[in-house]
Amino acid sequence: MARLNARGLLSLRGAVLPLGALSLWWMVTSLGLVRGPLVVTPVQVVAVPFLDASGRELWAALGTSMARVLAGGLIGGLIGLTAGYLTGLYRLAALGLSPTVHSIRQVALFAWIPLLTAWFGNGEATKLVFTALSAFFPLFLATEQGIRQVPRPLVDVASVLNLTYLTRITKLYLPAALPSIYIGLQIAVLSAWIGTIGAEYAIGNGRGLGSFIASGRDQFRMDIVLAGVITLAAGGVLLNSLATRLSHALSPWTKDLR
Amino acid sequence: MNAHLTHAVVIRDLSRSFKGKTVLDHISLDIPAGQFVALLGESGSGKTTLLRALAGLDDDAESKGHYSRPDNVSVLFQDSRLLPWKTVIDNVKLGLRRPDARAAAEAMLADVGLGDKATAWPSTLSGGQKQRASLARSLLRAPALLLADEPFGALDALTRLRMQALLMRLVEHQRPTIILVTHDVDEALLLADRILVLKDGHIAEDHAVSLAHPRHQHQTELSLLRARLLASLGVEAGNL
Ligand SMILES: Nc1ncnc2c1ncn2[C@@H]1O[C@H](COP(=O)(O)OP(=O)(O)O)[C@@H](O)[C@H]1O
Ligand SMILES: [Mg+2]
């Protein structure tokens, strides 16, 4: 293993607080300082996805939620990207679309769930639509913003060089809007993840990390609930790093600026 | 002037104003094909406005009059305006739909001394190198008219001299009509066939410079014209 240098040590500072909390939890529970049906040790939480019959459902639940967040996120994200592109570039689209979207956005995201279940029922459709909606807003706003901020001097160049419409989109507007779109993507990915889990949790039926946590709660299985919550956080970190990698891979010219 | 000379640029009664403030006031001007015109004028005199009008980039101005010019126009800006997300060579051949665009761009880059920078990102180039790439992008299109707005204005003195020589070498064969906006009287004297001074919205002076190239700053004909141009720009020569 590589020797720890000063920078590596510094980056470990951030781990002090969580590690401290973890040791405290471990000490308090294994020494029997607190007791009760809801008190579980860290070891139990780590073991439950492997050793317990109900706990093992976690993996399938995680897979389902991931598939759901990718499918719903892709649909909502693409619609957000397209709509944001149109309102960012065209006055007419901005006048027709932006006010509506901006006011709908004021509705708290989870307030949509009753409405969506009324429209789409208690099944897969509602969860997908809700996930899509969660990804839509951040990407819509970021794309609209990014396209509006394309520097005028570069637009002049495009017009002087007689670029075709397609070339303008692919070589000027989209790349220029990318930094803003990337920020939107990071937010959208997390928002879609929370949206997926939230919809599963609120609707309760079917497979998924949200329903897994909800059923653990109903059975008073604190170890299952905690394992689910930790997986939820890890899933968020994973999706976030995927979004960052995608952003970097798609914008190699920023390599020296990072 | 010879009546049957073909004019590349014909401007008639061209006026431009912004929010009622007149910047160009009934300008008329004929430029023969292949002529190298330098356009001088104090800051704010409307040089950029005239160039942008000819480039078709002034839809925010109130416009009157008309002009004709070739379809194939290139514009060289003071800042290189390379797309940061395209490599140097992709910038140079941007929008070109010739099948040999890449090879032609490579040759043009070699010509401006950037043969080894083809796949570099613009952010890694120096100011002079960026402007070379921008020049390559403009000339690769073999424009009939080159509009240049203080293209060397932001470069250091040595780099500017090199760029001037490079420009002269490159346009020697293509022979486009050139309108070069500059605030540098010596640049105008060394490069141009004709020097215009823009003042109060119209062409206040129009001088032919017939001296052969290469020229030297200390040639008598140039010294006389320099004093005159500086005076019309509000600088008395010999006061420095
Ligand atoms: N887009 C614009 N909107 C408003 N005023 C402008 C615009 N472009 C130029 N002007 C004004 O027109 C005048 C001439 O500007 P410009 O052509 O840039 O001068 P120069 O290039 O000779 O320095 C200036 O007073 C400037 O403020
Ligand atoms: Mg100017």
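The values are calculated or read from the model by the stated rules, or taken from the named source; none is laboratory data. Because the structure is predicted, anything quoted here is derived from the model rather than measured. For neighbour counting, all protein chains shown are included, and Cβ atoms are generated from backbone atoms with ideal geometry for every residue, glycine included. Accessible surface is based on the protein model in full, side chains and every heavy atom, while ligands, DNA and RNA are left aside. Shrake-Rupley method; radii C 1.70, N 1.55, O 1.52, S 1.80 Å.
Numerical summary
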quantity	calculated
Any hit, the range B:72-92, residues being on the phi < 0 side of the Ramachandran plot, among the hydrophobic types (A, V, I, L, M, F, W, C), more than 10 Å from every other protein chain (Cβ to nearest Cβ) and surrounded by fewer than 20 Cβ atoms within 10 Å (Cβ to Cβ)	no
Residue under evaluation B:GLU150, criteria (1) farther than 26 Å from B:ASP184 by Cα; (2) touching a residue at least 60 places away in the same chain (Cβ under 8 Å), criterion not met	(1)
Any chance A:SER211 is within 14 Å of another protein chain (Cβ to nearest Cβ) and open to solvent by less than 30 Å² (accessible area, probe 1.4 Å)	no
Search result, residues across the range B:52-61 that are more than 7 Å from ligand 1 (Cβ to nearest atom) and of a type outside the set (Asp, Glu)	B:ARG52, B:ALA53, B:LEU54, B:ALA55, B:GLY56, B:LEU57
Single unsatisfied condition, B:ASP58 versus (1) in contact (Cβ under 8 Å) with a residue 24 or more places away in the chain; (2) acidic (Asp, Glu); (3) more than 14 Å from ligand 2 (Cβ to nearest atom); (4) on the phi < 0 side of the Ramachandran plot	(3)
Filter pass, B:GLN131 being touching a residue at least 24 places away in the same chain (Cβ under 8 Å) and in a loop (DSSP other than H, G, I, E, B)	no
Residue within the range B:133-144 that is away from ligand 2 (no atom under 16 Å from the Cβ), touching a Pro at 6+ places or on another chain (Cβ under 6 Å) and more than 9 Å from every other protein chain (Cβ to nearest Cβ) present	yes
Any hit, the range A:100-115, residues being out of contact with any Lys or Arg (no Cβ under 9 Å at 6 or more places or on another chain), open to solvent by less than 40 Å² (accessible area, probe 1.4 Å) and within 14 Å of chain B (Cβ to nearest Cβ)	no
Matching residues, the range B:5-41, being among the charged types (D, E, K, R) and under 16 Å from the mean Cα position of the chain (by Cα)	none
Complete set of residues in the range B:37-51 that are in contact (Cβ under 8 Å) with a residue 40 or more places away in the chain and within 6 Å of ligand 1 (Cβ to nearest atom)	B:GLY41, B:SER43, B:SER45, B:GLY46, B:LYS47, B:THR48
Checklist (1) of a type in the set (S, T, N, Q); (2) within 13 Å of chain B (Cβ to nearest Cβ); (3) surrounded by 15 or more Cβ atoms within 10 Å (Cβ to Cβ) applied to A:THR143, failing item	(2)
Per-region count, the range A:150-163, residues more than 7 Å from chain B (Cβ to nearest Cβ) and in a loop (DSSP other than H, G, I, E, B)	2
Test: residue in the range B:175-188 that is away from ligand 1 (no atom under 16 Å from the Cβ), open to solvent by 10 Å² or more (accessible area, probe 1.4 Å), on the phi > 0 side of the Ramachandran plot and away from every other protein chain (no Cβ under 14 Å)	yes
Filter pass, B:GLU221 being at pLDDT 95 or above and either touching a Pro at 6+ places or on another chain (Cβ under 7 Å) or acidic (Asp, Glu) (or both)	no
Boolean, B:ALA154 is part of a helix (DSSP H, G or I) and more than 10 Å from chain A (Cβ to nearest Cβ)	no
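Each row is one residue, and each column tells you yes or no for (1) closer than 19 Å to A:ALA47 by Cα; (2) in a helix (DSSP H, G or I).
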position	(1), (2)
A:ILE181	no, yes
A:TRP193	no, yes
A:THR196	no, yes
A:GLY206	no, no
A:SER211	no, yes
A:GLY216	yes, yes
A:ILE230	yes, yes
A:ALA233	yes, yes
A:SER247	no, yes
